[in-house]
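The values are calculated or read from the model by the stated rules, or taken from the named source; none is laboratory data. No experiment lies behind these values; they were computed from the predicted model shown. Note: ideal-geometry Cβ built from the backbone for every residue, glycine included; neighbour counts use all protein chains shown.
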Amino acid sequence: MSTYKLADWAAKNKNLIIAATAVTFVGGAAASYYYSSAAIAPATASASTQKKKKKSKKSKKSSTDAPSPLLEELSPQDRDSVAQDFKSKGNKQYQQHQWNEAAINYSKAIESSTKPEAVFYSNRAACYNNLGDYNKVIDDCNEALKLDSEYVKALNRRAQAFEQLGNLNDALNDFTAATIIDQFRNDSAAKSVERVLKKLAETQAKSVLQSRGEKLPQISFIQAYLNAFRERTPTSIPEGASAGDLDLADALKAADAKDFNLAKEKVEQSLIKGVSNTQLEAEALNLRGTFYFLLNNPIKAIADLEKSVELSPHFSQSWVKAASVYMELANPQAAFKAFDTAIEKNPQDADAYYHRGQVYFILSDFNKAIENYEKSVEIDDSFPLAQIQLAVAHYKNGNIGKAMAIFRTSINKFPHKSDVYTYYGELLMDQGKFEEAVEKFDKAIELDMDRYPVNVLPKINKALAIFQWKQDFNTAESLVRQAVTSDPENDVAIGTLAQLCLQQGKIDEAIEAFEKSAQVSRTEPELVNAITYEKATRAQAHFIKNHPNAAAKLGPLAQSMGAGGA
């Protein structure tokens, strides 16, 4: 459990990461002169035409034979009236889905007007959009936005064209700008931001995962996963051990020494060479299946774990780990079946009840979570995580008094376990008891001072408590940077730093941190989330740079939307 308040705030306020003239008769006549090859002369000729007529000694001609006046010869007022007339015609044709005809009239409006008008270009872009000519849409929207950089319709139309052409980054920039400038009142634009962000993040995440290859996550993540299981004595290596047996022994020693890359290499070798009995093979498959799970390869993980229990049906830890993998595969039915089998094979396996409680907790079925945690504690009351989660489940279920009592008892029982202080502090922080929370986090930090890998969660939580308590950005950021220095690949520390930078308007630093967060993300959903934040922050930076006047309104707008605190 981690409160991760800034990330919660960002998730709830992601939209922030992410700011006709009537035509006169004269005007109508002038329009027909300019655009018709069989033009009819106006009732009143221009001064220059009258002068030429006086000088002419040739035979008289009818008024219908007079030459058409140039557009430049019309008064500015007449030209603008002509332009509005063409615009009105284009609007009617657009409403009747006559896209080509409407586009022609908007073009004439552009040619006729004495000064360029953004609406003419934007309307013609709308026609091109319906005709599927997206490059012309972009060209016209560019012209409209040169005239009015905050023209929301032009931004939306250009964004749609960019999206159709697969230029998703530019589409996101425009949709984001349109959404912010329109003060988040346009639900369609906001949904477009979400849609394009999703496309961008999912596409990039798949590409990253394909190119990344096999890489274990940070040591602190691996250790946290292994710490969720009680210590047990592995199957002993027999005398006269084979080469495969010895490799397995080396793998287990390396895992104890937290050299997980060596442990992974050695367990692979043990299975290639072969071990001397089925119990050792089940042990090796359990360990390799664990590494496959950590490598985010659930298919291979489940194959190894299922083979492990096939060889040794009473090896309940493999059943429990298989259940965890099934949950990652979004198959809770299979997960619960694996838990049931684990308990059937070993009714006194406290881990099975604890991890089944964790699944119920994730599913927000806190009553069943409590039942399983209580059973786990009943079987083995020496495991602090089960008692911590029991308290948290009561808290989530609304029984705050019971939760706090369990934590007080746990502190007396496990005075040297930092996790108890860390999670107790989180509940205090959630209740707004920041001073008490900071005291608990400080105690956890003290207990973890010489631990390897270092547990940076207490320091991150202290930073968040200080941020919420005193709005002290400097101290909060300093603490989180210390956490990142201690554990450079810790995803929670990096993500929290990114959010703090974003809150302070340190956009470039936030982007850098989100990029790092993507690099250390283990699963595709985690990677998608990190990339989503990075892309949304880049779009915000683009907005600030290209729309400085509108960007200046972001602060007051954020406050009016209740985003002033985490």
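Only residues that are charged (D, E, K, R), more than 21 Å from Ala109 (Cα to Cα) and surrounded by 20 or more Cβ atoms within 10 Å (Cβ to Cβ): list them for the stretch 138-183, please. Explain how you work it out, then say what you get.
First, pick out the residues of the stretch 138-183 that are charged (D, E, K, R): 139-140, 143, 146, 148, 150, 153, 157-158, 163, 170, 174, 182.
Subsequent filtering for residues that are more than 21 Å from Ala109 (Cα to Cα) retains 150, 163, 170, 174, 182.
The answer is Glu163, Asp174.
Looking at the stretch 255-298 only, could you name the residues that are of a type in the set (A, V, I, L, M, F, W, C) and in a loop (DSSP other than H, G, I, E, B)? Talk me through it step by step, then tell me what you get.
The first filter runs over the stretch 255-298 and keeps only residues of a type in the set (A, V, I, L, M, F, W, C), leaving 255, 257, 260, 262-263, 267, 271-272, 275, 280, 282, 284-285, 287, 291, 293-295.
Within the stretch 255-298, Ala257, Val275, Leu295 qualify.
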Notebook entry, point to check: Phe293 is checked against (1) within 27 Å of Ile362 (Cβ to Cβ); (2) hydrophobic (A, V, I, L, M, F, W, C); (3) touching a Gly at 6+ places or on another chain (Cβ under 7 Å) and fails just one. What number does that condition carry?
Noted result: (3)
Next item on the list: Mind telling me which of the residues Leu271, Leu311, Leu280 ends up being surrounded by fewer than 22 Cβ atoms within 10 Å (Cβ to Cβ), more than 38 Å from the chain's Cα centre (by Cα), within 18 Å of Asp250 (Cβ to Cβ) and of a type in the set (A, V, I, L, M)?
Entry: Leu271
Item checked: Filter result for Gln559 (surrounded by fewer than 19 Cβ atoms within 10 Å (Cβ to Cβ), modelled with pLDDT under 90 and not small (Gly, Ala, Ser)) -> yes
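Out of all the residues in the stretch 422-437, is one or more at positive phi and not hydrophobic (A, V, I, L, M, F, W, C)? If you could, list the steps in order and put the result at the bottom.
Keep residues of the stretch 422-437 that are at positive phi, which gives 432.
Retained after the next criterion (residues that are not hydrophobic (A, V, I, L, M, F, W, C)): 432.
Checked against the condition, which is being at positive phi and not hydrophobic (A, V, I, L, M, F, W, C), the stretch 422-437 yields at least one hit.
For the stretch 131-188, please list each of the helices (runs of 4 or more DSSP H) lying entirely inside it that holds at least 1 residues being under 22 Å from Ala102 (Cα atoms), in the same structural domain as Tyr94 (by TED's automatic domain parsing) and touching a helix residue (DSSP H, G or I) at 6+ places or on another chain (Cβ under 8 Å).
Values: elements: 134-147, 152-164, 168-181.
Passing ranges, in order: 134-147, 152-164.
Tell me which residues, restricted to the stretch 218-254, are assigned to a helix (DSSP H, G or I), aliphatic (A, V, I, L, M) and surrounded by fewer than 17 Cβ atoms within 10 Å (Cβ to Cβ).
If we filter the stretch 218-254 for residues that are assigned to a helix (DSSP H, G or I), which is where we start, we get 219-227, 243-254.
Okay, now just the ones that are also aliphatic (A, V, I, L, M), so 219, 222, 224, 226, 243, 246, 248-249, 251-252, 254.
Result: Ala224, Leu226, Ala243, Leu246.
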Note to self: Restricting to the stretch 106-116, and then to whatever is touching an Asp or Glu at 6+ places or on another chain (Cβ under 9 Å) and either among the polar types (S, T, N, Q) or outside any helix (DSSP H, G or I) (or both), can you tell me which residue is surrounded by the most Cβ atoms within 10 Å (Cβ to Cβ)?
What the structure shows: Ser112
Checklist line | Scope the stretch 238-276; condition among the β-branched types (Val, Ile, Thr) and either in contact with a Phe, Trp or Tyr (Cβ under 6 Å, 6 or more places away or on another chain) or outside the structural domain of Leu287 (by TED's automatic domain parsing) (or both); matching residues | finding: none
Check: In the stretch 388-437, how many are touching a Gly at 6+ places or on another chain (Cβ under 9 Å) and closer than 28 Å to Tyr452 by Cα?
Finding: 4
Check: Do the conditions hold for Ala303, that is, is it out of contact with any helix residue (DSSP H, G or I) (no Cβ under 6 Å at 6 or more places or on another chain), surrounded by fewer than 24 Cβ atoms within 10 Å (Cβ to Cβ) and not in a helix (DSSP H, G or I)?
Finding: no
